[in-house]
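Asks: Would you mind keeping the following structure in view while I ask a few things?
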Amino acid sequence: MDNDNAAAAAHIAELGRNLLLNGLGSPVFTVAALEIVAEQSVFRPGQLAVAGTPPEWEDYEPPTPGRASRLVGGSGRYQRELDAARAQWEADTAEFQRAEADRLRELDAARARHDQQASAAHDRVAAHNARLAAQWAACMEGDPEAVEWFVGQALASTTYPDGFPVTRKIAYRPQEHDIVIEIEFPRRSVIPEVREHKLFKTAPEVRPVKWKEPEVKKLYAQLVAWMTLRIVHEVFEATKALDLVDVVVFNGTVIDVAPTTGKDTLYHLVSLEPERPLFEASLELDRVTDPIGCLRELGAKVSPNPYDLEAVKPVVTFDLRRFRLANDATELADLESRPNLMQLTPHDFERLIEKLLKAMGIEAYRTVDSRDDGIDVVATKDDIIFGGVCLVQAKRTKNRVELGTVQAVAGSMNDHNAATGMVVTTSWYGPSSIAFAKRNRITLIKGAELKHMIKRYLDLDVIPGVVEPRRGRGTESA
């Protein structure tokens with residue numbers, strides 16, 4: 001009974017504050033953790049390395065006859081024995097030499113196989129580390145896919161109690177200098193029903209004592225909060241060396257059975273977007289004892305009752321945004337083999353955007369060129385993004401999309417009473433355009449994001465053909 005109670009207490013501690021403390025105690029993830037060190041392969045030939053013992057003549061030579069033996073014909077008999085012994089010794093020596101030659105050939109062949117296998121293993125290790133180095137270099141340059149890969153690897157490197165989901169969505173947005181993460185909390189059933197086993201004196205037997213309902217709800221709410229703080233901390237720590245992530249946008253969800261429908265349903269339980277300076281300077285996480293209050297200090301939206309699946313509205317959703325599953329394998333493709341979007345004609349680019357929108361489940365129609373008012377595609381879908389008619393302009397250009405282009409879409413929206421707008425480009429946007437789009441219900445999709453959307457929905461590997469210049473964070477441009 002005592003052992004069972006100790007195990008139950010340890011499990012509850014594992015689901016509580018230790019969730020955070022275990023994360024704080026882990027070393028900061030670096031890409032070096034993924035490198036492979038080639039093992040020094042030792043050639044072990046076994047018995048092939050052991051040379052045989054050649055036949056010794058002394059073991060064959062018959063004894064020399066004595067004087068008496070020679071007088072009665074022993075000399076002739078000795079000579080015959082000597083000739084026979086010599087013949088046997090020579091035959092055995094020849095057989096030994098053949099066997100030794102065979103052994104040496106097998107030894108050479110075994111050494112050659114070992115060397116070949118060792119060389120192949122060394123090449124595999126070198127190729128793995130080279131791909132890793134290339135991925136890390138891309139990460140340092142701010143490539144969205146590489147940054148997402150790195151953050152996914154960092155989160156996957158930490159351990160959680162059994163039964164915790166491993167699925168997570170990750171998106172890096174270079175313009176905003178933020179990383180958007182959506183993780184899945186464990187279901188409510190992760191909290192055990194039994195608190196302890198107790199010996200009742202009135203009836204001499206050991207009975208389970210269950211948690212009270214308010215206690216279960218508190219334990220689950222704290223688990224959600226502890227896990228949120230840990231993941232945000234891990235992302236900030238892992239990306240500190242990159243100098244690319246100023247904000248972590250975190251959405252914590254759970255998939256559980258909806259009481260009203262009986263179907264598995266996704267609920268958002270926590271959502272926040274803390275800035276790095278606030279998170280790192282204002283918190284001493286190892287001394288936090290109220291995780292829910294800590295999240296509220298960070299401005300988080302926290303479910304008032306996660307156990308009852310009371311959802312909150314996320315600060316950012318993954319609708320129309322590329323994301324990668326962190327437990328997906330990452331392959332390094334040859335970019336030169338992929339189509340370049342800048343080599344498409346304007347009409348082909350518009351048709352590609354129309355096809356992409358349709359693949360996303362959106363009704364889309366290209367406009368007549370002479371009457372489109374700068375709008376290339378009209379899209380409609382009833383959801384939280386479009387909410388009706390969306391006017392889309394497709395800009396295939398090597399240059400930054402100017403603010404005037406985004407403003408023109410807003411003007412067309414007013415003229416046609418459209419609910420939302422969208423600009424899709426092979427290039428990028430300046431801060432003024434981004435700010436204007438946010439105020440006017442316009443979605444901006446730049447080349448790097450378009451590449452991932454085409455891969456996700458059309459299963460096509462493309463390159464935008466334009467490299468977005470890096471700019472200082474204090475630099476302002478339209």
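Asks: I'm a student and want to see the number: the projected area of the Cα convex hull of segment 194-310, averaged over all directions, in nm².
Replies: Numbers: hull surface 42.2 nm².
So the mean shadow area of the Cα hull is 10.5 nm².
Asks: Rank-order 44-54, 350-360, 124-134 by packing density, defined as the average count of other C-beta atoms within 10 Å over each peptide's residues, highest first. Don't skip to the end; give the middle numbers.
Replies: Working: 44-54: 10.5, 350-360: 19.6, 124-134: 13.2.
With the highest mean Cβ count within 10 Å placed first, the list reads 350-360, 124-134, 44-54.
Asks: While we're looking at this one, here's another question. Taking the Kirkwood radius as the inverse of the mean 1/r across Cα pairs, report the Rg/Rh of the chain.
Replies: Details: Rg = 36.8 Å, Rh = 28.6 Å.
Taking Rg over the Kirkwood Rh, I get 1.29.
Asks: What does segment 51-208 give for Rg and for Dmax, in Å, if only its C-alpha atoms count?
Replies: 40.5, 116
Asks: Computed on alpha carbon atoms, what radius of gyration and Dmax characterise segment 106-192, expressed in Å?
Replies: When restricted to the Cα atoms of segment 106-192, Rg and Dmax are 20.7, 64 Å.
Asks: Take the Cα pairs of segment 270-320, get the Kirkwood Rh, then feed it into Stokes-Einstein at 25 °C and 0.890 mPa s and tell me D in µm²/s. Walk me through the intermediate numbers first.
Replies: Details: Rh = 12.3 Å.
Approximately 199 µm²/s, per Stokes-Einstein.
Asks: Lys/Arg Cβ at +1, Asp/Glu Cβ at -1, dipole of the chain taken about the Cα centre: which of GLN343, LEU20, VAL312 is farthest positive-ward?
Replies: Looking along the dipole axis, the top candidate is VAL312.
Asks: If the chain between GLU176 and ALA51 were fully stretched, how many nm would it gain, using 0.36 nm times the residue separation less the Cα-Cα distance?
Replies: Details: separation 125, 0.36 × 125 = 45.00 nm, distance 7.13 nm.
So the extension gain works out to 37.9 nm.
Asks: Pop a pseudo-label 7 angstrom from the Cα along the beta-carbon direction at both ASP461 and ILE255 and give the gap in nm to one decimal.
Replies: 2.8
Asks: If you don't mind, another one. With unit charges on the beta carbons (Lys and Arg positive, Asp and Glu negative) and the dipole taken about the Cα centre of the chain, which residue among ALA448, SER432, SER119 sits farthest to the positive side?
Replies: SER432
Asks: Only Lys, Arg, Asp and Glu count, each charged at its Cβ (+1, +1, -1, -1), so figure out the dipole size of the chain about its Cα centre, rounded to 20 debye. Don't jump to the answer; show the numbers that get you there.
Replies: Values: 59 positive and 71 negative charges, 190 e Å.
Here the size comes out at about 920 debye.
Asks: If you don't mind, another one. Please report the Cα spread of segment 390-431 along all three principal axes, rounded to whole Å, starting with the longest.
Replies: Extents along the principal axes, in whole Å: 31, 15, 13.
Asks: How much length, in nm to one decimal, is gained on full extension between GLU14 and ASN417, taken as 0.36 nm per residue of separation minus their Cα-Cα distance? Each step should come with its number before you reach the end.
Replies: Numbers: separation 403, 0.36 × 403 = 145.08 nm, distance 5.50 nm.
Gain on stretching GLU14 to ASN417: 139.6 nm.
Asks: Could you give the angle, 0 to 90 degrees to the nearest 10, between helix 2-15's Cα long axis and the longest principal axis of the Cα atoms of the chain?
Replies: Long axis of 2-15 versus the principal axis of the chain: about 60 degrees.
Asks: Round to the nearest 10 and give me the degree value, 0 to 90, for the angle of helix 346-359's Cα axis relative to the longest principal axis of the chain.
Replies: The angle comes out at about 80 degrees.
Asks: Right, another one. So, with +1 on the Cβ of K and R and -1 on the Cβ of D and E, and no other charges, what is the size of the charge dipole of segment 104-160 about its Cα centre, to the nearest 20 debye? Intermediate results must be reported in sequence, preceding the final value.
Replies: On the way: 5 positive and 8 negative charges, 69 e Å.
My answer is approximately 340 debye.
Asks: Quote the convex hull volume per residue of segment 80-127, based on C-alpha atoms, as a whole number of Å³. Spell out each step's value before the answer.
Replies: On the way: hull volume 1.5 nm³, N = 48.
With only Cα atoms used, segment 80-127 gives 31 Å³ per residue.
Asks: OK, next. How far apart, in nm, are the 7 Å Cα→Cβ label points at VAL166 and ARG124?
Replies: 2.0
Asks: Which percent of the accessible area of the chain is formed by carbon and sulfur heavy atoms (probe 1.4 angstrom)? Walk me through the numbers before you get to the answer.
Replies: Working: 13310 of 26240 Å².
Of the solvent-accessible surface of the chain, carbon and sulfur hold 51 percent.
Asks: Here is a follow-up. In Å², and per residue, what accessible area does segment 158-301 have when probed at 1.4 Å with the other protein chains present?
Replies: Numbers: 7020 Å² over 144 residues.
Normalised by residue count, the accessible surface of segment 158-301 is 49 Å².
Asks: Right, here's the next one. If you restrict to DSSP beta bridges whose two residues both lie in the chain, what percentage is antiparallel, to the nearest 5?
Replies: Values: 34 of 53 bridges.
Taking every DSSP beta bridge within the chain, about 65 percent pair in antiparallel fashion.
Asks: On a full-extension model of 0.36 nm per residue, what is the gain between GLU363 and ALA91, subtracting their alpha-carbon distance, rounded to one decimal in nm? Mind dumping the intermediate values first?
Replies: Working: separation 272, 0.36 × 272 = 97.92 nm, distance 9.21 nm.
Taking GLU363 through ALA91 to full extension adds about 88.7 nm, to one decimal.
Asks: Still on this model: Using only the alpha carbon atoms of segment 128-249, find the Kirkwood hydrodynamic radius as the inverse mean reciprocal pair distance, in angstroms to one decimal.
Replies: Averaging 1/r across every pair of different Cα atoms and inverting gives 17.3 Å.
Asks: Go from 0 up to the bin containing the longest alpha carbon distance in segment 22-141, width 5 Å each, and give me the % of pairs per bin.
Replies: The calculated distribution, bin by bin, is 2, 9, 10, 9, 8, 8, 7, 6, 6, 5, 5, 4, 4, 4, 3, 3, 2, 2, 2, 1, 0.
Asks: Could I ask something else about it? For segment 11-141, what does the accessible surface come to per residue with a 1.4 Å probe? Please give it in Å². Provide the component values of the computation, followed by the final result.
Replies: On the way: 8990 Å² over 131 residues.
Heavy-atom accessible area per residue stands at 69 Å².
Asks: Please get the size of the charge dipole for segment 7-117, origin at its Cα centre, with Cβ charges of +1 on Lys and Arg and -1 on Asp and Glu, quoted in debye to the nearest 20. Write down the numbers at each step before the final one.
Replies: Values: 12 positive and 17 negative charges, 34 e Å.
Once rounded to the nearest 20, the dipole reads 160 debye.
The values are calculated or read from the model by the stated rules, or taken from the named source; none is laboratory data. Since the structure is predicted, the reported quantities are computational estimates derived from the model, not experimental observations. Cβ sites come from the backbone with ideal geometry, for glycine too, and all protein chains shown count toward neighbours. Note: areas computed on protein heavy atoms with side chains; ligands, DNA, RNA excluded. Shrake-Rupley method; radii C 1.70, N 1.55, O 1.52, S 1.80 Å.
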